[in-house]
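Here's the structure, in C-alpha cells; my notes come after.
Readers should treat all values here as calculations from the given coordinates under stated rules, not as data from a laboratory. Bear in mind the structure is a predicted one, so any value in this text is a computation, not a measurement. Positions of Cβ are backbone-derived with ideal geometry, glycine not excepted, and every protein chain shown enters the neighbour counts.
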Number of protein chains: 2
Amino acid sequence: MPNNQFKKSELYSFITGKASTAIARRLQKNFKQAGVDITIEQWSVLYHLWKEDGMSQQQLCEATFRDKPSITRLVDNLEKLKLVKRVASKDDRRINMIYLTPEASKLQEQSMELANQTLNEALEGVTNGQVEIAKEVLQRVYENLK
Amino acid sequence: MPNNQFKKSELYSFITGKASTAIARRLQKNFKQAGVDITIEQWSVLYHLWKEDGMSQQQLCEATFRDKPSITRLVDNLEKLKLVKRVASKDDRRINMIYLTPEASKLQEQSMELANQTLNEALEGVTNGQVEIAKEVLQRVYENLK
DNA sequence: TTTATGTAGTTGCATAAACAACTATATGCC
DNA sequence: GGCATATAGTTGTTTATGCAACTACATAAA
C-alpha cells in the first residue's frame, strides 16, 4: 500500500537531503572560523573514537555508516594529520585498532561545542516536540533502509 | 537561549545525515536494478529540467543547492551521456541554457516512479502526520542555514 | 594438514563536492 | 567611449564516496 505522501514539489528536498547538506556546510564553516582544521567526515570518525578509543576500522565502518574503502582513506588522512594511529591487533593480525593521539583529544571539547552550536543555529524556531518527531522519523528511515 | 535538545548520543545522526545518505544509496540501488544508469546527482539536475526545461546553470545551482563548479561538471557529464545540451543564450552570451534531449525525457516517468517507490520504502511505518512534521523541521533547518 | 570459505583492510577507477582562482561578458557610472 | 564592478561559467586541487577487485589472515571442515 503506497502512501504517496509526497507531492512532486516536496519529494526533492527529502530525497536529496538539502537539510543535512546545509548542516554539514555550516558545521564546516564553523570549524574553519574557529580554526578547527578538519573535515566533517574526519570529525565523524574522531567523534566515535572520543566515545570509545581503540576501535577497529570495521567497527568504525558500522559506527559512521561508511564503507571500508572510505574508512581506509579517512584513517589515512587522519594519520597524516597525526590525529590517530593504526595499531595492529595482536589477537588477529587482520585488524587495525585505531587510537587517538593527544592532539586529537585537544580537539574534542571545542569541536563538540561547535557541533552543538551548529545544531542550535539549525533548529532555531523549532520546538522540542517537533525535533523529537523529526528524530524519530529519521531514525526510522535509517532503520528501514540500512 | 540554547535549547541543547540533543544529548551527545543523538547528535551524530542528525549532523551527519545518516537518513539522507541511506535514502540516496537506496535510490541509487533502485536505479541500477531498474537499468536507469545515472547518478542521483545527475538525476537531481534532470528533475528540475523536467519541471522547467531550459534553465541556466546559475538557476540550476539555486534549484539543486549546489555550487557553480558542481553544476559545470554535472552538466559536462550529462552532456557526455547525451541527456542535456548546452545552448548559448542570445540575450546574454555569458549564459548557457540547458535543454533536455529526447533520451532524457524517456527517463522521466520511470525515475520519478523509482524515487516515489524509494520514499515509500524509507517511510514504511511512519504516519502521515509524523512525515508532515519532519518535512516542516527539515524545511526550517534549510531556511535557517541556507 | 590441506582446502574452502569468510573477514579485515587496501587499491584502482569514476563521480562528486568545496574552495579559490580564473576568463568572458554585461552593466552602470564618469 | 572607457573604466569599475558584478555576474556566468570554467578549471585546478584536495577530499570524499561507491563499487569492484585484490591481498592477507583466520576459521572450520575434510
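Test B:Gln117 against the stated conditions and say whether it is more than 16 Å from DNA strand D (Cβ to nearest atom), touching a residue at least 12 places away in the same chain (Cβ under 8 Å), within 14 Å of chain A (Cβ to nearest Cβ) and outside any loop (DSSP other than H, G, I, E, B). The answer is yes for B:Gln117. Taking residues in the range B:17-45 that are within 11 Å of chain A (Cβ to nearest Cβ), and partners anywhere that are in a loop (DSSP other than H, G, I, E, B), the pairs with Cβ atoms closer than 6 Å and at least 6 places apart or on different chains are B:Gly17/A:Gly17; B:Lys18/A:Phe65; B:Ser20/A:Gly17; B:Ala22/A:Lys146.
Count of the range B:62-75 residues, restricted to those that are closer than 19 Å to A:Ile15 by Cβ and either near DNA strand C (Cβ under 7 Å from one of its atoms) or in contact with a Ser or Thr (Cβ under 8 Å, 6 or more places away or on another chain) (or both), is 6. Taking the stated definitions as given, is B:Thr64 under 30 Å from A:Val131 (Cα atoms) and either surrounded by fewer than 16 Cβ atoms within 10 Å (Cβ to Cβ) or touching an Asp or Glu at 6+ places or on another chain (Cβ under 6 Å) (or both)? Considered against the rule, which asks whether it is under 30 Å from A:Val131 (Cα atoms) and either surrounded by fewer than 16 Cβ atoms within 10 Å (Cβ to Cβ) or touching an Asp or Glu at 6+ places or on another chain (Cβ under 6 Å) (or both), B:Thr64 comes out as no. On the stretch given as the range A:125-135, residues that are facing chain B (nearest Cβ under 7 Å) and either surrounded by fewer than 20 Cβ atoms within 10 Å (Cβ to Cβ) or of a type in the set (Val, Ile, Thr) (or both) total 7. Do we find that B:Ile98 is of a type in the set (A, V, I, L, M) and outside any helix (DSSP H, G or I) in this structure? Against the criterion (of a type in the set (A, V, I, L, M) and outside any helix (DSSP H, G or I)), B:Ile98 qualifies. Scanning the range A:86-95 for residues that are surrounded by 13 or more Cβ atoms within 10 Å (Cβ to Cβ), near DNA strand C (Cβ under 9 Å from one of its atoms) and in a helix (DSSP H, G or I) turns up nothing.
Between A:Ala104, A:Ala122, the distinction of being away from DNA strand D (no atom under 11 Å from the Cβ), within 14 Å of chain B (Cβ to nearest Cβ) and surrounded by 12 or more Cβ atoms within 10 Å (Cβ to Cβ) belongs to A:Ala122 only.
Screening A:Ile71, A:Ile23 for residues that are within 14 Å of DNA strand D (Cβ to nearest atom) and surrounded by 13 or more Cβ atoms within 10 Å (Cβ to Cβ) leaves exactly one candidate, A:Ile71.
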